[in-house]
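**Student:** Take a look at the following structure, please.
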Amino acid sequence: MNTYTDITHGKKSNFVIKTPGDHVFYFRDKSADLSFTIAHSDAKLYVFGLYKGKNKDKFTLITRQKHTVPGAQSHIVIKGIFDDASSFSYEGMIHLHKKATKTDAALESRNLIISENARVSAKPQLEILPADVRCTHAATISHLSQEHINTLQMRGISEQDAKDLLIAGFAQDLIIQLTTKAPNAIASSQ
C-alpha cells in the first residue's frame, strides 16, 4: 500500500505508519512540530519539505522519526532558500527504539542563504539504541557561490539569470526525489 499526503495546510502533526509500502508526505513553507512513528517492518517513510523565505518570513520546524520495529526505512529531506530578512530554525531527531534493528534512516537539511540578512539554524540529532542499523544525518547552510555565478557569466548569462539558475538547481533535486516517489505530488499541490 502506497500513500501520498500533502500536509502543507493540515493541522495533524502526529503520524503513525502501521502498514507496509511507501508513505510519502510533502509540504511547503510550513512551521510545525511533526512526529512520524514507523511501526511496520515493511514500511518506507519519505518526507519532503521545501521552503522559500522572503521579506520577514519566519519558519520553525521540528521533525521526529521514531522507529519502533526492525527493518523499516525513513528519509526526511528539507530544503530551503532564504532571502531578505527571512529566517528558518530546524531541529530533526531520529530515534531508534532498542527493537529497531536493521533500520535504515536518514535526515537531511540543506539550506541556501541568498541575502546577508537571512538567518538559518539547523540541528539534526540521532538517538540510536540498537546496533546493526544504518542511520545518517546532514545539515548544510551555504551561500550562492560567486565562482559558479562567474562561470555562468563567462558563458554569456547575466548575473541575475545566473543566480536564478543556481537557485532553481538547488531546489530541483528535492523536486525530482519527490516526483519519483509521488509522481502526481507537484501537480496536485499547485
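Rule-based calculations on the coordinates, nothing more; no lab input. All values derive from a computational prediction rather than experimental measurement. Glycine gets a Cβ as well: all are built from the backbone with ideal geometry, and neighbour counts include every protein chain shown.
**Student:** So which residues in the range 62-92 are surrounded by fewer than 22 Cβ atoms within 10 Å (Cβ to Cβ), within 23 Å of D104 (Cβ to Cβ) and aliphatic (A, V, I, L, M), if there are any at all?
**Tutor:** I62, V69, V77
**Student:** Same structure again: Sort through Q160, Q172, Q153 and tell me the only one that's free of Cβ contacts under 8 Å to residues at least 24 places away in the same chain, among the polar types (S, T, N, Q) and closer than 24 Å to F59 by Cβ. Before the answer, list the steps.
**Tutor:** Working: Q160 fails: closer than 24 Å to F59 by Cβ; Q153 fails: closer than 24 Å to F59 by Cβ.
Just one listed residue meets the conditions, Q172.
**Student:** Which of the residues spanning the range 25-37 are surrounded by 20 or more Cβ atoms within 10 Å (Cβ to Cβ) and in contact (Cβ under 8 Å) with a residue 60 or more places away in the chain?
**Tutor:** Listed by number, the list holds a single entry, Y26.
**Student:** From the set of residues in the range 141-163 that are among the aliphatic types (A, V, I, L, M) and within 25 Å of the chain's Cα centre (by Cα), which is surrounded by the fewest Cβ atoms within 10 Å (Cβ to Cβ)? Break it down into steps so the answer makes sense when it comes.
**Tutor:** Pass one, the range 141-163, residues among the aliphatic types (A, V, I, L, M): 141, 144, 149, 152, 154, 157, 162.
Remaining after also requiring within 25 Å of the chain's Cα centre (by Cα): 141, 144, 162.
Numbers: I141: 18, L144: 16, A162: 19.
If we take residues in the range 141-163 being among the aliphatic types (A, V, I, L, M) and within 25 Å of the chain's Cα centre (by Cα), then L144 is surrounded by the fewest Cβ atoms within 10 Å (Cβ to Cβ).
**Student:** Can I ask one more? Tell me, which helices (runs of 4 or more DSSP H) wholly within the range 92-190 include 3 or more residues that are of a type outside the set (D, E), out of contact with any strand residue (DSSP E or B) (no Cβ under 7 Å at 6 or more places or on another chain) and farther than 27 Å from G21 by Cβ?
**Tutor:** Result: 146-154, 159-181.
**Student:** Filter the range 28-85 for residues that are aliphatic (A, V, I, L, M) and either closer than 13 Å to V120 by Cα or not in a strand (DSSP E or B) (or both); which is nearest to the chain's Cα centre (by Cα)?
**Tutor:** Restricting to residues being aliphatic (A, V, I, L, M) and either closer than 13 Å to V120 by Cα or not in a strand (DSSP E or B) (or both), the top hit is I78.
**Student:** Return yes when Y4 is surrounded by fewer than 20 Cβ atoms within 10 Å (Cβ to Cβ) and touching a residue at least 40 places away in the same chain (Cβ under 8 Å) and no when it is not.
**Tutor:** For Y4, the condition - surrounded by fewer than 20 Cβ atoms within 10 Å (Cβ to Cβ) and touching a residue at least 40 places away in the same chain (Cβ under 8 Å) - is met.
**Student:** Tell me yes or no: at least one residue of the range 16-24 is without any contact (Cβ under 8 Å) to a residue 60 or more places away in the chain, assigned to a strand (DSSP E or B), surrounded by 18 or more Cβ atoms within 10 Å (Cβ to Cβ) and touching a strand residue (DSSP E or B) at 6+ places or on another chain (Cβ under 8 Å).
**Tutor:** yes
**Student:** Scan I76, I94, I7 and give me the residue that is touching a Leu at 6+ places or on another chain (Cβ under 7 Å) and farther than 19 Å from I176 by Cβ.
**Tutor:** Of the residues listed, the single one that is touching a Leu at 6+ places or on another chain (Cβ under 7 Å) and farther than 19 Å from I176 by Cβ is I94.
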